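The structure appears right after this line, and notes come after that.
We did not get these values from a lab; they are worked out from the coordinates using the rules stated. No experiment lies behind these values; they were computed from the predicted model shown.
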């Protein structure tokens with residue numbers, strides 16, 4: 001569709017597709033109690049699609065090109081059983097993305113022109129709800145060297161970027177998160193031992209496990225660099241490029 005989408009009444013998706021194309025800025029707004037799209041496609045070579053209200057997707061979100069902007073008062077919600085593409089360098093959600101259900105999921109997050117998805121393995125229950133948001137800026141508690149608020153196994157937490165992953169409902173401890181974990185008072189090493197591996201581009205991946213709280217996650221640096229260790233690792237400033 002061209003132009004803005006305003007839902008003031010009842011919207012019935014009829015298992016259809018709603019596409020937001022073109023180079024003009026668009027908004028989704030309205031006073032309807034709920035707004036659920038079956039399939040949603042973002043294909044905007046320029047400008048942004050801004051959410052002014054909560055929007056849900058019940059089947060699949062396709063991010064081909066363009067940025068969708070959400071906020072705490074206008075969250076993009078992917079419903080139980082629904083999925084989404086991971087996005088790409090030209091297509092992501094700048095703001096919070098919420099996922100309900102027991103499916104493994106990659107949140108197509110980004111911020112300030114940087115695409116930076118974060119993935120969880122399958123939660124235990126269909127009623128579990130997680131919300132993720134990426135920030136292309138340092139966490140307020142990161143960047144100190146030496147790190148005075150780091151737990152055992154961490155000596156530095158990078159201040160280039162971080163993710164905020166919140167568990168809104170449920171008790172699941174999802175298994176695959178990447179980066180150091182801020183527990184409210186210190187950065188804790190939550191690395192899955194032996195998970196470090198190179199990615200072929202002078203970088204490496206590390207998986208975290210055993211989370212009971214979910215909030216900020218950021219790059220960290222161990223006494224021994226990966227991939228020799230399963231501890232957290234340092235990510236250079238050009239990590240996102």
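Counting only DSSP beta bridges with both residues in the range 1-131, tell me the antiparallel percent, nearest 5.
Working: 10 of 44 bridges.
About 25 percent, rounded to the nearest 5.
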task: Just check the range 1-131 against the gyration tensor rule for me: Cα atoms, a ≥ b ≥ c as the square roots of the eigenvalues, rounded for a/c under 1.5, and otherwise prolate or oblate depending on whether a/b exceeds b/c.
output: oblate
- prompt: Let a ≥ b ≥ c be the square roots of the eigenvalues of the Cα gyration tensor of the range 34-100; is it rounded (a/c under 1.5), or, if not, prolate (a/b larger than b/c) or oblate?
  reply: oblate
query: Over the range 1-131, what is the relative contact order in whole percent, taking alpha-carbon pairs under 8 Å and six or more residues apart?
result: 16
